[in-house]
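Take a look at the structure set out below.
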Amino acid sequence: MANKTYKIAVLPGDGTGPEVIAEGVKVLKAAAKKFNFDLEFDTYDWGGERYLRTGNVLPDDACDILRNYHAIYLGAIGHPQVKPGILEKGILLKLRFGLDQYINLRPIKLFPGVESPLAGKTAEDIDYVVVRENSGDVYTGLGGSAMTGTADEVCVQNMVYTRHQVDRCLRFAFELAKKRHSKENPWRGLSEEDKQKGYTAQLTMCGKSNVLTYVFDMWDRAIAEMSKEYPMVKTAYCHVDATCMWMVKSPEWFDVIVTTNMFGDIITDLAAITSGGMGISAGGNLNPEGVSMFEPIGGSAPKYTGKNVINPCAAILAGAMMLEYLGEKEAGKAIENAVAFCTEHKLKSLSAGKMGYSTTEVGDLVAENL
Ligand code: IPM
Ligand code: MN
């Protein structure tokens, strides 16, 4: 029987994006060989350079083109010569919205050998997942301004949520919590009493129900209703400000966190730094019914461009996540384990220029240790 073939659209993007994506592709190819499937890559040059050259941010039919692929592999968007907002809104957010990638999944995991800036916390303590709603909130762009430049200038940017957006996000989060843990392997933060009650996992809603009363009242009701279908998932609630505090003080309390788009953006940067930073943090923009896009969550780090010093692990892990979502779970896990081997035994640091290896050497190391 012929191998399964996956078509991947590659968007290396700006700055160091192409360098880290090249290493990711190297590792993906090695994994495909080892686990007997085929990958076909098509590269698109959408990003800051192309915009400066042509004045065009993204082709009009970009989403239609991307719908022909099994997945999208993205480097980084952001160029120092382009005004903030143009590329972010014109490419990244346009694709997330256009392809209705309504979940932004960001696993937070302290890899072995990596030192957390949180004193005394080890790999045991930092291993949770943030489910960031990715289609609503202030990101919809609903709002406007008037009387600009006068003393009466007024600006409004609305936090928007529909019940449909809330329900589909919660459905994903509950399913994930249910799958992440089982009776045999319950979430380590549960008390004996919780386990007696049949709980195996925990889902924490991160919100701000004491101020944003309309929006979070809707989320609260939706969670309460849906939780009846998931007797094994213990639900909890934490305000976003308190979530930040507990993520630093007691990260071992978290299993799956579900949150709104803006809060999710903010808390995942904090979460990323607690687990070693942008060099190792990957995320997936998921449309479980459509085409998903996988990316390192850091930026384009333009000052390191072309120096072969940036850490490609985040991009490599984004590739692993992509394989997992394509159904090649074993291959995805093997890449994750190879990265863990490197963090434990090889890399001196996760920071650019301090790893003890170049960008390409780290890619080689991971590929060799699959
Ligand atoms: C992220 C980024 C984006 C976001 C920006 C670049 C639009 O910060 O992926 O977290 O806010 O979602
Ligand atoms: Mn962000």
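Taking all pairs of different Cα atoms in the range 138-196, averaging 1/r and flipping that mean, what Kirkwood radius in angstroms comes out?
Evaluated on the range 138-196, it is 15.7 Å.
Here's the list of aspartates and glutamates a cross-link from Lys329 could span, going by alpha-carbon distance under 16 Å and ignoring same-chain residues fewer than 8 apart: Asp38.
Taking packing as the residue-averaged number of other Cβ atoms within 10 angstrom, the listed peptides 149-157, 74-82, 319-327 run from highest to lowest as 319-327, 74-82, 149-157.
Classify the range 260-301 as rounded, prolate or oblate from the Cα gyration tensor: take a ≥ b ≥ c as the square roots of its eigenvalues, call it rounded if a/c is under 1.5, otherwise prolate when a/b beats b/c and oblate if not. Intermediate values should be presented prior to the final figure.
Details: a/c = 2.39, a/b = 1.50, b/c = 1.59.
It is oblate, given that a/c is not under 1.5 and a/b is not larger than b/c.
A dipole drawn for the chain from +1 and -1 charges on Cβ atoms has a positive end, and of Phe35, Ala177, Ala119 the residue lying farthest that way is Phe35. Here is how the number arises for the chain: DSSP H runs of 4 or more residues each give -39500 (n - 2.57), the sum is divided by the residue count, and the result at 222 nm is -11500 deg cm²/dmol. First check a/c for the range 161-259, with a ≥ b ≥ c the square roots of the eigenvalues of its C-alpha gyration tensor; if it is under 1.5, answer rounded, and if not, answer prolate when a/b is larger than b/c or oblate otherwise. Oblate. Derived scalar couplings between HN and Hα for the range 226-233 equal 5, 5, 4, 7, 10, x, 8, 9 Hz in order, rounded to whole Hz, by the Karplus curve 6.51 cos²θ - 1.76 cosθ + 1.60 (θ = phi - 60°), x for Gly and Pro. Listed by chain and number, the aspartates and glutamates placed with their C-alpha closer than 14 angstrom to that of Lys33 are Glu328, Glu330, Glu368; residues fewer than eight positions away on the same chain are left out. For the chain, the residue among Ala2, Cys313, Pro107 whose Cα projects farthest onto the positive side of the dipole built from Cβ charges is Ala2.
Here the range 27-101 was treated as a single set of alpha-carbon atoms; its pair distances binned every 10 Å from 0 give 16, 44, 26, 12, 1 percent. Number of Lys-Lys pairs in the range 118-223 with C-alpha atoms under 24 Å apart and a separation of 8 or more places or on different chains: 6. Each residue of the range 324-335 is assigned a 3J(HN,Hα), and the resulting list reads 4, 6, 7, x, 8, 5, 4, 5, x, 5, 5, 5 Hz, derived from the Karplus form 6.51 cos²θ - 1.76 cosθ + 1.60 (θ = phi - 60°), x at Gly and Pro. What the pair-distance distribution of the chain shows, using all Cα-Cα distances binned every 10 Å from zero, is 5, 23, 33, 26, 11, 2, 0, 0 percent.
Quick check for me: using +1 on Lys/Arg Cβ and -1 on Asp/Glu Cβ, what's the dipole size of the range 64-160 about its Cα centre, in debye to the nearest 20? The dipole magnitude comes to about 300 debye. Computed from point charges on the beta carbon alone (+1 for Lys and Arg, -1 for Asp and Glu), the dipole magnitude for the chain about its Cα centre is near 380 Debye.
Bear in mind that the values in this text are calculations on the coordinates, not laboratory data. Bear in mind the structure is a predicted one, so any value in this text is a computation, not a measurement. So basically every Cβ, Gly included, is an ideal-geometry build from the backbone, and we count neighbours across all protein chains shown.
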